[in-house]
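What follows is a short report on a single structure.
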Amino acid sequence: MKRIVIVGAGQVGQSLAEALSGDGHNVTVIDTRADCLEAIASHLDIRTISGFGCHPGVLESAGAREAEVLIAVTDSDEVNMLACQVGSTLFGIGTKIARVRERSYHDNPGLFAPDAVPVDMLISPEAIVTSQIQRLLEHPGALQVLDFADGLVSLVGVRAYYGGPLVGHELRRISTDMPGIHTRVAAIFRRNRPIEPDGDTVVEAEDEVFFVAAKKNIRAVTSELRKLDKPYRRVLVGGGGNIGRRLAEALADRYEVRLIERDPQRAEYLAAELPPDTQVLTGDSADDRFLESCGIGDMDVFCAVTNDDQANIFSGMLAKRRGVRKVMALINRPGYVDLMEGGPIDVALSPQQATIGVLLARVREEGTATVHSLRRGAAEAIETIVSGDRRTSRVVDRRIDELRLPRGASIGAIVRDREVIVPHHDTVIRAGDHVILFLTERDRVKAVQRLFRPASRLF
C-alpha cells in the first residue's frame, strides 16, 4: 500500500481516487473546489484537503512528507508542474506525475529532469484519446482496441451482430472456422452482465465480446462475430480544440479529413497550421443544416470532440441520423457514457478512463506493465511480467489449471520471447512471461496481485 497525494478533484482526479483507493492505497485529494471534494467524500472513504495543491503548507497538511507518489491533474499545466516541483524539493516525494496538455511542453522534454522540473511522467489525455481513436479507425466495427506487450497482442471489444458466422453457435467453432488462427474470448457481456465463456457458450446477437489475439489476426477474428465493415476513408472532426487538432494532424496522411471549428479566429489558425489537405470549416457542429452543408452524408466517421458533452452527443445523434457509419463522441460525465453508448453514439470516448489505465500501470507495484480500464471502469485488463521461481512464486512453472484465479479473472494470452501464446488449461507459466489477464470485475485486482506476487518481492 502506498501513500498517494492527488492534486485536482475534477473528473480525472475523482476517477483516479476511486481506482487507487479501490486498490487499497492511502489516498488524499487536494482541491480548491468544495463541491468536487464533497462529491469524492460522499462515496469514497478518503481524506480531502481544501486549498491550492502547489502551496507548501497545503501539501504538508495532505501528508506530503510521508507520500510516495504525487499525481497533479488539475486543469492548469503550470499548477501541476509547480506542485511536482514543490513536492520534490521540499518533501522528497519519489514519484511525481503531472497532467500536461500544452504541446510545447511535451516538445521540450529537457524541461523535465531532476535538476529542472522534476516530473517523472507526463500525462496528456488528449494524446491518449487521439491514439484510441486511431486504433478504432484502423479496425472498423471495433468498440475498443487495446494493445499489450509492445503491440504484439491486442484485446478487442466488438458487438456481435445478426448474420455474423459465430452468432447462434458455440465458441469452439472459432477453431474450426479458422484453424490457423489462435484467439481466446476473454469475456462476454450480455445485457451489461458478464458471462464467463467456455467452448459451449453460444454467442447471441448484441453480445459485447472481448477477444485476445495476435495483432495481425484481429481482422480475421472480428469477421467471425460480425460482417466486416469496409475501411474508412472520410472523417469529419467536430471541434478544433486540443484533441481535434491532434486528431486532424494524426489522420491527415491516411484519411480525407474535414474539421469543424466554431470560433472564426481559431478556425483561421487551424487552417494555417494543419496539413494542406485538411479542410477547416467554420461553424457549429451541432447545427443540422450546417452539418448538411459540410457533406455529412458522405462521411464514414464523425468524431465529436468539443469540450461540451451535450454538444458532442447532439451532433453525434445528428450525424448518425444522416447516415454516418461510425459516430464517436467525447463524453466527460461518466453517467452520460452509460446512457449514450450503443445507441446513436457507437463509441463514447472517456478521457478519464483512457487516462486511468496509464496512471495505474505506473503507480501499481513492480511487475505491472500495462493496465487498461474497460466498460467505464467496471472491468480491467492487465499485463503483468511474471517473476520469481517455483519456490517463491505461486504461478511460475505451474499449469494454468493449477492456479487459483479469482472468479471473473481469465488469462487471455502469454507473450514469451516475443512469441504470442494463446493458452490452454495445460499451458505452463514461466518466469519472464508477459501474462495478459482480463477481469470482469475490477475489485478482483488485489486477489490477482497477491497470486502473482513472489514471496521475496512485491508485485
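Length gained on full extension, E78 to K216: 45.5 nm, using 0.36 nm per residue less the C-alpha separation. Annotation note: GluC sites (Glu not before Pro) in region 222-314 located in DSSP loop regions with a Cβ neighbour count of at most 12 within 10 Å are absent.
Each label point was placed 7 Å from the Cα along the Cα-to-Cβ direction; for R321 and E66 their separation is 5.7 nm.
Rolling a 1.4 Å probe over the heavy atoms of the protein chains gives the chain an accessible area of 44 Å² per residue.
Net charge of the neighbourhood of S175, taken over other residues with C-beta under 11 Å away and scored Lys/Arg +1, Asp/Glu -1, is 0. Put simply, the amide H of A186, placed in the peptide plane, has neighbours under 5 Å in F210, F211, V212, leaving out anything fewer than 5 places away on its chain. FRET efficiency for the E196 to R416 pair, using the beta carbon distance and R₀ = 25 Å, is estimated at 0.50. For the chain, the tally of Lys pairs with Cα-Cα distances below 28 Å comes to 13, considering only residues 8 or more apart or on different chains.
Loop-located trypsin sites (Lys or Arg not before Pro) in region 379-428 (DSSP state not H, G, I, E or B) with no more than 15 neighbouring Cβ atoms inside 10 Å: R390, R391, R404, R407, R418.
Less than 5 angstrom separates the built amide H of T370 from those of E383, all sequence-distant by 5 or more or on a different chain. Once the Cβ-Cβ distance of D115 and A361 is raised to the sixth power relative to R0 = 30 Å, the FRET efficiency obtained is 0.70.
Look at the Cα gyration tensor of region 410-459: its axes a ≥ b ≥ c give a/c of at least 1.5 with a/b at or below b/c, and that counts as oblate. A full extension of the chain between A272 and R173 corresponds to an added length of 30.3 nm, given 0.36 nm per residue minus the alpha carbon distance. Each residue of region 148-165 is assigned a 3J(HN,Hα), and the resulting list reads 9, 6, 6, x, 6, 10, 10, 10, 10, x, 9, 9, 5, 10, 3, x, x, x Hz, derived from the Karplus form 6.51 cos²θ - 1.76 cosθ + 1.60 (θ = phi - 60°), x at Gly and Pro. For region 78-155, the calculated P(r) over all alpha carbon pairs, in 10 Å bins from 0 to the bin holding the longest distance, is 16, 37, 25, 18, 4, 0 percent. Computed from the C-beta positions of R333 and S42, the FRET efficiency with R₀ = 22 Å rounds to 0.85. Positive contributions from Lys and Arg (+1) and negative ones from Asp and Glu (-1), summed over other residues with Cβ under 14 Å from the Cβ of G241, come out at -3.
Computing semi-axes √(5λ) of the Cα gyration tensor in Å directly from the structure and comparing it against [x] 39, 27, 26; [y] 42, 24, 22; [z] 34, 33, 19 singles out [z]. Each residue of region 173-183 is assigned a 3J(HN,Hα), and the resulting list reads 5, 4, 5, 6, 6, 10, x, x, 10, 9, 8 Hz, derived from the Karplus form 6.51 cos²θ - 1.76 cosθ + 1.60 (θ = phi - 60°), x at Gly and Pro.
The values are calculated or read from the model by the stated rules, or taken from the named source; none is laboratory data. The shown structure was predicted, so the numbers you read here are calculated from the model rather than taken from an experiment. In this analysis, Cβ positions are derived from the backbone assuming ideal geometry, glycine residues included, and neighbour counts consider all displayed protein chains. Just the protein is used for accessible areas: all its heavy atoms, side chains included, with ligands, DNA and RNA removed. Shrake-Rupley method; radii C 1.70, N 1.55, O 1.52, S 1.80 Å.
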